[in-house]
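Student: Take this structure, written in structure tokens, and hold onto it; I'll ask about it next.
The values are calculated or read from the model by the stated rules, or taken from the named source; none is laboratory data. From a predicted model like this one, the values you see are computed outputs, not experimental measurements. All Cβ positions, even for glycine, are placed from backbone atoms using ideal geometry, and neighbour counts span all protein chains on display. In case anyone asks, the SASA skips ligands and DNA or RNA and just uses the protein heavy atoms, side chains included. Shrake-Rupley method; radii C 1.70, N 1.55, O 1.52, S 1.80 Å.
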Protein chains: 2
Amino acid sequence: MRKIDPAQYRAKRRHIMMAAAPLFAAHGLDGTSTARIREAAGVSSGTLFHYFPSKRAVFVALLTDDDNGDAQRLAAARDRDDPRTALLDLVEDLAAPAASPVAAGLVMEALRQAGNDAELAAALEADSDVELEALAHLVSRSVRESGADPVLDARATAVWIQTIIGALFLRAATETGFDAAAQLRDLRLLLDRLLGETSPRTER
Amino acid sequence: MRKIDPAQYRAKRRHIMMAAAPLFAAHGLDGTSTARIREAAGVSSGTLFHYFPSKRAVFVALLTDDDNGDAQRLAAARDRDDPRTALLDLVEDLAAPAASPVAAGLVMEALRQAGNDAELAAALEADSDVELEALAHLVSRSVRESGADPVLDARATAVWIQTIIGALFLRAATETGFDAAAQLRDLRLLLDRLLGETSPRTER
DNA sequence: GTCTATACGTAGATAGAC
DNA sequence: GTCTATCTACGTATAGAC
């Protein structure tokens, strides 16, 4: 007996996920009961567990269902002409979700849960490694092509860039009235400084 | 009927807190049962609730009992002679607890919980504001006295320094095998760059 | 596919003996 | 002050009717 409509099935699954997302972001995985998810999604307990085998599965799906084609965006950034501009744009792209409190909160909770869930940790680290590689590649190209002069080597610099982006998520998730747009502007200035002089460098 | 020994009372209270700390750090507040705390501390449920009115009270006590005299240390740093060195030393001092996975995990969980607990949020923000003021003061003095040239104004720079310290805690809490010592070395280099040239500046 | 009703375990917290 | 025993509520997840 075939499904009536696979598209509708996925839509409803997604509907439940979207209802659960702000709850997980605000109260964490353990702090969110299936009853609240059920209520927020407007479905019964039976329906919830028809679409997901467990509460954790809803959470994991939110983190691993990649609807934005992240990998493609990273690959495109990697190969752009001007590495310095490409790097700064990529950073902004990676940091942008911090503007959404829900996204920021979810990421924070994901990192927390990854400590106790090897499978989740592996998935997150895989994503992170791809990001890191793209960042390091662009830092490296910047050094060669546009005279950047970072204090650290390319990979370490990339790790720090990732770290700082993570810090933005942290602040977005915890600070009420966090002004993401202003922070992104500052971030660009700071990175410019961290990467060092461009060539030809300006004399003061 | 007076207490047998107030000092012993506080010691036992502290013993329970110390037993709970790594559990909260690893599994979060909601993810840690009173049964596990009880077990780790080697006391019964009755005893646990004799010393603390609730599980949350144990957690809050871990964050708000200031045993290190943080305020004094900040005030001392504020008024040191060489502001640039004082600033870098202060940053190291503030970032140092990130070397302890338990401390880092607790801080992360505290920030997460602060979103749903106004009282806790207020306490944490008060601490953070005192830190920020000391940092901004030192940045400001560095600009005037030692020719620092940050990209942003003193307060914004201080906020970013806090952000970067937060990033260290984040990584310490989420990354297994995090090398805190190495990161502190990098941090000093990065901040030096971020603060800009010292005077007399060196020509390359 | 979606519901109602509920099983079954474990949670936080308390009572009262010692 | 500390224990054992226990209360009540709520947690996730399932069963089975529709």
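Student: Restricting attention to the stretch A:50-87, which residues are near DNA strand D (Cβ under 10 Å from one of its atoms) and free of Cβ contacts under 8 Å to residues at least 12 places away in the same chain?
Tutor: Listed by number, the residues that qualify are A:HIS50, A:PRO53, A:SER54, A:ALA57.
Student: Turning to a different aspect of this structure: What are the residues in the stretch B:117-136 that are within 11 Å of chain A (Cβ to nearest Cβ), open to solvent by 50 Å² or more (accessible area, probe 1.4 Å) and closer than 17 Å to B:ILE161 by Cα, if any?
Tutor: B:GLU125
Student: So if I check each of A:ARG38, A:ARG14, A:ARG10, A:ARG80, which one is away from chain B (no Cβ under 14 Å), out of contact with any strand residue (DSSP E or B) (no Cβ under 8 Å at 6 or more places or on another chain), of a type in the set (Lys, Arg) and not in a helix (DSSP H, G or I)? Write out each step before concluding.
Tutor: Working: A:ARG38 fails: not in a helix (DSSP H, G or I); A:ARG14 fails: not in a helix (DSSP H, G or I); A:ARG10 fails: not in a helix (DSSP H, G or I).
Going through A:ARG38, A:ARG14, A:ARG10, A:ARG80 in turn, the sole match is A:ARG80.
Student: Please go through the stretch A:46-78 and give me each residue that is surrounded by fewer than 13 Cβ atoms within 10 Å (Cβ to Cβ) and charged (D, E, K, R), ordered by number.
Tutor: Correct list: A:ASP65, A:ASP66, A:ASP67.
Student: Something else now. Please verify whether B:ALA114 is more than 14 Å from DNA strand D (Cβ to nearest atom), in the same structural domain as B:SER128 (by TED's automatic domain parsing) and open to solvent by less than 30 Å² (accessible area, probe 1.4 Å), treating the condition exactly as stated.
Tutor: Working: more than 14 Å from DNA strand D (Cβ to nearest atom): yes; in the same structural domain as B:SER128 (by TED's automatic domain parsing): yes; open to solvent by less than 30 Å² (accessible area, probe 1.4 Å): yes.
Taking the combined requirement at face value, the residue satisfies it.
Student: Tally up the residues in the stretch B:16-40 that are more than 13 Å from DNA strand C (Cβ to nearest atom) and surrounded by fewer than 15 Cβ atoms within 10 Å (Cβ to Cβ), please.
Tutor: 1
Student: Here is a check on your reading of the model: is A:VAL43 in contact with a Phe, Trp or Tyr (Cβ under 7 Å, 6 or more places away or on another chain) and crowded, with 16+ Cβ neighbours inside 10 Å? Walk me through it before giving the result.
Tutor: Details: in contact with a Phe, Trp or Tyr (Cβ under 7 Å, 6 or more places away or on another chain): no; crowded, with 16+ Cβ neighbours inside 10 Å: yes.
So A:VAL43 fails the test.
Student: Can you name every residue in the stretch A:16-45 that is without any contact (Cβ under 8 Å) to a residue 24 or more places away in the chain and β-branched (Val, Ile, Thr)? Working first, answer last.
Tutor: First pass over the stretch A:16-45, keeping only residues without any contact (Cβ under 8 Å) to a residue 24 or more places away in the chain: A:18-19, A:23, A:27, A:30-40, A:42, A:44-45.
Hits for the stretch A:16-45 are A:THR32, A:THR34, A:ILE37.
Yes/no per residue for (1) closer than 21 Å to B:LEU74 by Cβ; (2) open to solvent by 30 Å² or more (accessible area, probe 1.4 Å); (3) at the interface with chain A (Cβ under 7 Å from one of its Cβ atoms):
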position: B:ASP153; (1), (2), (3): yes, yes, no
position: B:ALA158; (1), (2), (3): yes, no, no
position: B:ILE161; (1), (2), (3): yes, no, no
position: B:ALA167; (1), (2), (3): yes, no, yes
position: B:GLN183; (1), (2), (3): no, no, no
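Student: Of the conditions (1) within 16 Å of DNA strand D (Cβ to nearest atom); (2) in the same structural domain as B:ALA110 (by TED's automatic domain parsing), B:ALA35 fails just one. Which one is it?
Tutor: Only one criterion in (1) within 16 Å of DNA strand D (Cβ to nearest atom); (2) in the same structural domain as B:ALA110 (by TED's automatic domain parsing) is unmet by B:ALA35, namely (2).
Student: State whether the residues of the stretch B:80-97 include one that is open to solvent by less than 40 Å² (accessible area, probe 1.4 Å), of a type outside the set (A, V, I, L, M, F, W, C) and either within 15 Å of DNA strand C (Cβ to nearest atom) or not assigned by TED's automatic domain parsing to the domain that holds B:ARG171 (or both). Can you show your working first?
Tutor: Going through the stretch B:80-97, the residues open to solvent by less than 40 Å² (accessible area, probe 1.4 Å) turn out to be B:83-84, B:86-88, B:90-91, B:94-95.
After this cut, where a residue has to be of a type outside the set (A, V, I, L, M, F, W, C) as well, the list is B:83-84.
Right, trim to either within 15 Å of DNA strand C (Cβ to nearest atom) or not assigned by TED's automatic domain parsing to the domain that holds B:ARG171 (or both) and you get none.
The answer is no; no qualifying residue exists.
Student: Any residue at all in the stretch A:48-68 that is farther than 30 Å from A:ASP129 by Cα, outside the structural domain of A:GLY147 (by TED's automatic domain parsing), among the hydroxyl-bearing types (Ser, Thr, Tyr) and within 10 Å of DNA strand C (Cβ to nearest atom)?
Tutor: Yes: the stretch A:48-68 contains one or more residues that are farther than 30 Å from A:ASP129 by Cα, outside the structural domain of A:GLY147 (by TED's automatic domain parsing), among the hydroxyl-bearing types (Ser, Thr, Tyr) and within 10 Å of DNA strand C (Cβ to nearest atom).
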